[in-house]
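Worksheet: one structure, shown below.
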Amino acid sequence: MTSLQTSKVSVHFDGLRALESVDLVLTEDNILGLVGPNGAGKTTLVNVMSGFQKPSEGELILNGRSITAMSPDQLARQGVARTFQSVRLFRRLSVLDNVVVSGLAHQRRMAQALDAARAALAFLGLESLSHRRAGALAYADERRVGMARALALRPRFLLLDEPAAGMDDPECDILARLIARIPREFNCGVLLIEHNITVVTAVCRELHVLNNGRTLASGSIDAVRNNPEVVAAYFGTA
């Protein structure tokens, strides 16, 4: 089975140990939740997995082959896509054009980019907004367009960095149902960074918990939630 993994990945910034020897495995049929407090190293790990940060030690591995040296655009062509906490749409362009640009940036022909963009927008329930200017979108729709740009690359692995940030409960419920369908409908593994634990527990089969740059626990969602260290740190003991 296709897998994307980190092996003993460490990232040091001028003596600050942002990550320390982290092993994580994401398979194409799984939704893996990456959780932990602010400053735990979650976004740094996603930056490593998407090529925006080179590890100080360790490797990024795709199907047994080291891809540590690849740039973000090379990793995208290998099937690794991501979203960002800040969506940064081209606000004067239409929603459809924002998503098409993503495909064209990775050497897909216009017809293919259009097909992929329309499919991603339809999946996310945004087809009715295709011709709306991106600068006129509601906040939740902006974040879903960010997801559409990543899905339009037709990735094998999708790294979602806090996609539910700023959404209300009904919007989070809709988002969770969409994320849960991605592995089946796109043949794509999902790594989900999210502080909304309701979203995480609704869609994730497994959790990987970081604390101070180190792995605190990893495994099935039930096993991790019953881990005494995780319970004490994140879920409380009441």
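The table for this structure:
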| quantity | calculated |
| --- | --- |
| Inter-residue pairs, beta-carbon under 8 Å, first in contact (Cβ under 8 Å) with a residue 24 or more places away in the chain and in segment 67-85, second of a type in the set (Asp, Glu), 6+ apart | Arg82/Asp161; Thr83/Asp161; Phe84/Asp161; Gln85/Asp161; Gln85/Glu162 |
| Hey, Gln112 assigned to a helix (DSSP H, G or I), under 23 Å from Val48 (Cβ atoms) and without any contact (Cβ under 8 Å) to a residue 60 or more places away in the chain or not | no |
| Qualifying residue in segment 172-188 (condition: in the same structural domain as Ser21 (by TED's automatic domain parsing), in a strand (DSSP E or B), touching a strand residue (DSSP E or B) at 6+ places or on another chain (Cβ under 8 Å) and touching a residue at least 60 places away in the same chain (Cβ under 8 Å)) | no |
| Among the candidates Gly58, Gly64, Gly36, residue that is out of contact with any Asp or Glu (no Cβ under 9 Å at 6 or more places or on another chain), under 17 Å from Gly213 (Cα atoms) and either surrounded by 17 or more Cβ atoms within 10 Å (Cβ to Cβ) or of a type in the set (Gly, Ala, Ser) (or both) | Gly36 |
| Residues that are more than 20 Å from Ile174 (Cβ to Cβ), buried (at least 18 other Cβ atoms within 10 Å of the Cβ) and free of Cβ contacts under 8 Å to residues at least 60 places away in the same chain, drawn from segment 189-238 | Ala217, Val224, Asn227, Val230 |
| Residue count, segment 179-238 (criterion: among the acidic types (Asp, Glu) and more than 18 Å from the chain's Cα centre (by Cα)) | 2 |
| Single match in Thr43, Thr68 (criterion: in the same structural domain as Val25 (by TED's automatic domain parsing), at negative phi, at pLDDT 90 or above and in a helix (DSSP H, G or I)) | Thr43 |
| Residue within segment 147-156 that is surrounded by fewer than 24 Cβ atoms within 10 Å (Cβ to Cβ) and more than 23 Å from Gln112 (Cα to Cα) present | no |
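The values are calculated or read from the model by the stated rules, or taken from the named source; none is laboratory data. Just so it is clear, the structure is predicted and the values come from calculations on it, not from any experiment. We place every Cβ from the backbone using ideal geometry, glycine too, and count neighbours over all the protein chains shown.
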